[in-house]
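Single-structure report; data block below.
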Amino acid sequence: MSILLKDIRFALRQLWKHPEFSLTAIFSLALGISATVAVFSVIYSVLLHPAPYPAADRIVRFVNINDKAETEYAPAIYREQIRQMRETRSIEEVVEMDERYLADTTVDVPQDVDVVFLSGNAFPFFGVPALLGRTFLPSDAPEGQASQPVVVLTYQYWQRRFNGNPAIVGQSLKLDNRSYTILGVMPRSFNWWDSDLYVPLDTSDTSTHAFMTVMRLKPGVSKARAMAEIHPILQEMIHEHPHSILEGMNLQLFSTSDRYKRSLGKTLYVLFFGVLLLLVIGCVNVSILLLARGAAREQEFAVRAAMGASAPRMIRQLLTESLILGFIGATLGIIVTYRVMPFAVSMLPWQLFTHGLEIAVHIQVLAFAVALAIFTSVLFGLFPALQFSKPEINEIMQANSRKAAGNVSGRKLHSILIAGQMALAMVLLSAASTAIESFRLLQHIDLGYDPAHVADFPISVHSGSYATWAARSNYFRQLRERVTRIPGVLSASLGVIGPPSSDWDFPTEILGRSALHSEMSNVNFVDAEFFSSLHIPLKQGRLWNETETSRGARLAVVNEAFVKRYFPNRDVLGHSVRVPDLLNHPSTTFAVDGSDQWTAIIGVVGDARNAGLDSSVKPEIYFPYSFYMSDFMQIFVRSQGDPMALETAVRRQVASVNPGQQVSDPVVTMTKHLEQDSEWARGHLIAVLSTVFTILALLLTSVGLYSVVSYSVTRRINEFGIRMALGAQRHHILRNSLATVTVSVGSGLAIGLLLSLGIHNLLAHWMESTVSNPLMALASCLLLVVVAFLACIVPAIRASMSRPMKALREE
């Protein structure tokens, strides 16, 4: 124990005497460990365990697969078909649900809240207990009977509305002026359907009402097998209800984790690939430093051997130093990991992963990274000891002579590690440059509209409100007029959906073509001011006038994509289109007479992004907003300055028309909508983190090169002095010093360039990028050359300043 303590004390003293070496090695280990564990913990939580429900992989819902695009879809299923689904051999349980906006009328100024109505078996189905109080039971929503007036809060709404008050259980909450008793609060991780409140579903009216569903498959049943068994039931429902929107849909079953695997899976693979390269670069950096440090201590090993130190004794001392270095780096890495995790989570785009997702440090990955770092430190720390623990006696006789570092095998290993480090850095830099260029192009894409100084205010019409076409049309018109009068508002317009992801497809027929060849077109319902508010130009024809808009005239406006697809060589004006599914549904939707009949095209407007930022614009048909009015509308407000400064004024004007109807949350600017677009968020995440990884990799690489050249120069300082005494010039010494790593750097860059070009297609697929520019790889190579040169030039200049007389006196 005494000898061990002496070894530890000596090792700490050695690390303290060489702070540049110690800090660089510790920093390399800590950085590699923390970045790797943070990213993999996110991957584990998002891809493997994104949902807090037991047996989450068996919880499925419908997804519509259309034109090779996957769109979440929650079709309404009638009660008879739900009963049949429960009786199938593939399905264990079915939960019925509905969603509506209700006004929280407990407060003076009512606020809209998103309410999900769940059947009584929902919370036993999900298997997540309440954080406070209890969830509702099947007795709170008896089958075929009116439900009890009770409510369960989400954690987020509890914090926002009640400031986390634990005494809220048992209190009353008024929704649309009806009192509900608060039963409990769900945990932070439970946020099914991203709602605010959960209320028991009223199933007393079973004659015509249909509900959304979520199902649990029986153990061992695949999604494909279950869908095959459900398909005839859905076909029967389409036969019994001919106007069901299910017709034409290609539905499949996806589990709760499939959404996040599709939206974020490739992105996380790219980030894990980058951070794994960073970990390897960090370990290689430590290896280079330890080998260089060991070579510089060759004289020390010779003196120790001459004084009687045995080879095992020196190996034990080097092992102690390496272990201390590894443990310090690992400890710091663990600390940094826990500090980095909140940053990593905050960088995740919320629209790509489940709200309330709990991401913790994955202990198994942490243990692996720490073990790898310590193993690297010990392996490459012991290599010099094994190499120099049995020196020849002439090493002692030349104790005052400084020679070239290491022997042939040592220099070869050095060269291999440097080349490998440069190759890995080159691959990482090339991948980062592709990500950055992809995101830059995404930022400068032609949107077809101007999102600056525009915000959209969603309005959800509550159930039973404005139950006639005239009342609803008049309500929307009053909202626009009141908002237009607000000081600072340049224009206000109405529209159901807005860009960049206004994807609402309907089967479309074109007069003169066979009805068997109906096409899918995006459909939107707006007023004429919608185009001027968003600066979407009118290309041909005209827009509706106020009279036509107020009566819901059967007149349509199409975008240029519609013309290019269906009328490439003809004038589209005067032709007619028909959307058969635009039918009147008095409970929720009011349409003008003949809404499903032929409608004349009177104008063509420019293309505005309506299928995301990285997809081509879809054909789109615009109808007057009064043509087909659902229970949802948006007010698009263009202002002189920040439109969010007008939010309070807009809310007051909406309340002045009807205090029971409110602006729904969230209200965001259209610029913010762009940033919340999944493609923009994914590209931004990859670009930012790839840049961070690359900067760190360049830093590690430059430090490693600097250390190697610096140790080499230190070992050869007398040699350079003698060379200069014999007539060598400073530029000869400078060139000779740089030559020590030129071959290693050059071969590493060549290998890295080949690897980058070889895996470019794979990385582009993971990053969902179409950027393919070999010049970026060459630019990355040039940048690494500059970094390597700057890392090597400082110690080389120091070598060229060697004093010949000092070297001769020492020899």
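The values are calculated or read from the model by the stated rules, or taken from the named source; none is laboratory data. This structure is a prediction, so every number in the text was calculated from the model and none was measured. In this analysis, Cβ positions are derived from the backbone assuming ideal geometry, glycine residues included, and neighbour counts consider all displayed protein chains. With ligands, DNA and RNA removed, areas are computed over all heavy atoms of the protein, side chains included. Shrake-Rupley method; radii C 1.70, N 1.55, O 1.52, S 1.80 Å.
Between S310, I722, F190, whose Cα lies farthest towards the positive end of the dipole of the chain when Lys and Arg beta carbons carry +1 and Asp and Glu beta carbons carry -1, centred on the Cα centre?
Positive-most Cα among the choices belongs to I722.
Amide H of E96: which non-local residues (sequence gap of 5 or more, or other chain) have their own amide H closer than 5 Å, using H built in the peptide plane?
S119
With θ set to phi - 60°, apply the Karplus curve 6.51 cos²θ - 1.76 cosθ + 1.60 along the range 638-648 and write out the HN-Hα couplings as whole Hz, x wherever there is a Gly or Pro.
9, 10, 6, x, 6, x, 5, 5, 9, 4, 4
Tell me which residues come under 5 Å, amide H to amide H, from S491 once H is placed; ignore anything under 5 positions away on its chain.
Residues meeting the criterion, in which the H sits 1.01 Å from N, are R638.
Give the distance, in whole Å, between the Cα centre of the range 469-495 and the Cα centre of the range 672-693.
35 Å
For the ranges 23-29, 468-474, 110-116, what's the packing order if you count other beta-carbon atoms within 10 Å of each residue, average per peptide, and put the highest first?
So the order, starting with the most tightly packed, is 23-29, 110-116, 468-474.
For the range 360-376, in order, what is each residue's ³J(HN,Hα) by Karplus, 6.51 cos²θ - 1.76 cosθ + 1.60 with θ = phi - 60°, in whole Hz (x at glycine and Pro)?
Per-residue couplings from phi come out as 10, 5, 7, 4, 4, 5, 4, 5, 5, 5, 5, 4, 5, 5, 5, 4, 4 Hz.
Quick check on the range 104-155: take the gyration tensor over C-alpha atoms, sort the square-rooted eigenvalues as a ≥ b ≥ c, and tell me if it's rounded (a/c under 1.5), prolate or oblate.
Oblate is the answer for the range 104-155, as a/c is 1.5 or above yet b/c matches or exceeds a/b.
Take every Cα-Cα distance within the range 124-249, group them into 10 Å bins from 0 onward, and report for each bin the whole-number percent of pairs it holds.
Histogram of Cα-Cα distances, whole percents per bin: 11, 31, 30, 21, 8, 0.
Counting only protein heavy atoms and using a 1.4 Å probe, what share of the accessible area of the chain belongs to carbon plus sulfur, as a whole percent?
That fraction is 59 percent.
Which residue, A649, F525, S639, has the largest displacement toward the positive end of the dipole of the range 524-650 when charges sit on each Cβ (Lys, Arg +1; Asp, Glu -1)?
F525
Write down the percent of antiparallel bridges among all DSSP beta bridges whose residues are both part of the range 93-245, to the nearest 5.
75 percent
Relative contact order of the chain: what whole-number percent is it, with Cα pairs under 8 angstrom and at least 6 residues apart?
Taking the mean separation of contacting Cα pairs over the length of the chain, I get 17 percent.
What percent of all Cα-Cα pairs in the chain falls into each 10 Å bin, going from 0 up to the bin containing the maximum distance?
2, 11, 17, 19, 16, 11, 9, 7, 5, 2, 0
Translational diffusion coefficient of the range 449-550 at 4 °C, 1.567 mPa s, Stokes-Einstein with Kirkwood Rh over Cα pairs, in µm²/s as a whole number.
81 µm²/s
Using packing as a proxy for protection, rank 481-490, 547-556, 133-142 so that the peptide with the highest average count of other Cβ atoms within 10 Å comes first.
Put in order of decreasing packing, that is 547-556, 133-142, 481-490.
Leaving out ligands and nucleic acids, note down the accessible area per residue over the chain with a 1.4 angstrom probe, in whole Å².
Averaged over the residues of the chain, the accessible area is 44 Å².
Can you list the residues, at least 5 places off or on another chain, whose amide H is less than 5 Å from the amide H of V150, using H built in the peptide plane?
Distant-sequence amide H within range of V150: T181.
Checking the table K223/K564; K266/K672; K17/K412; K223/K266; K539/K672 against a 30 Å threshold on Cα-Cα, which pairs fail?
Over 30 Å apart, Cα to Cα: K223/K564.
So what J values fall out for the range 429-437 if you push phi through Karplus, 6.51 cos²θ - 1.76 cosθ + 1.60 with θ = phi - 60°, rounded to Hz, Gly and Pro as x?
For the range 429-437, the Karplus-derived couplings read 5, 5, 4, 5, 5, 5, 5, 5, 5 Hz, x marking Gly and Pro.
Of the listed peptides 98-105, 564-571, what is their order by residue-averaged count of other C-beta atoms within 10 Å, with the highest listed first?
Ranked by mean Cβ neighbours within 10 Å, highest first: 98-105, 564-571.
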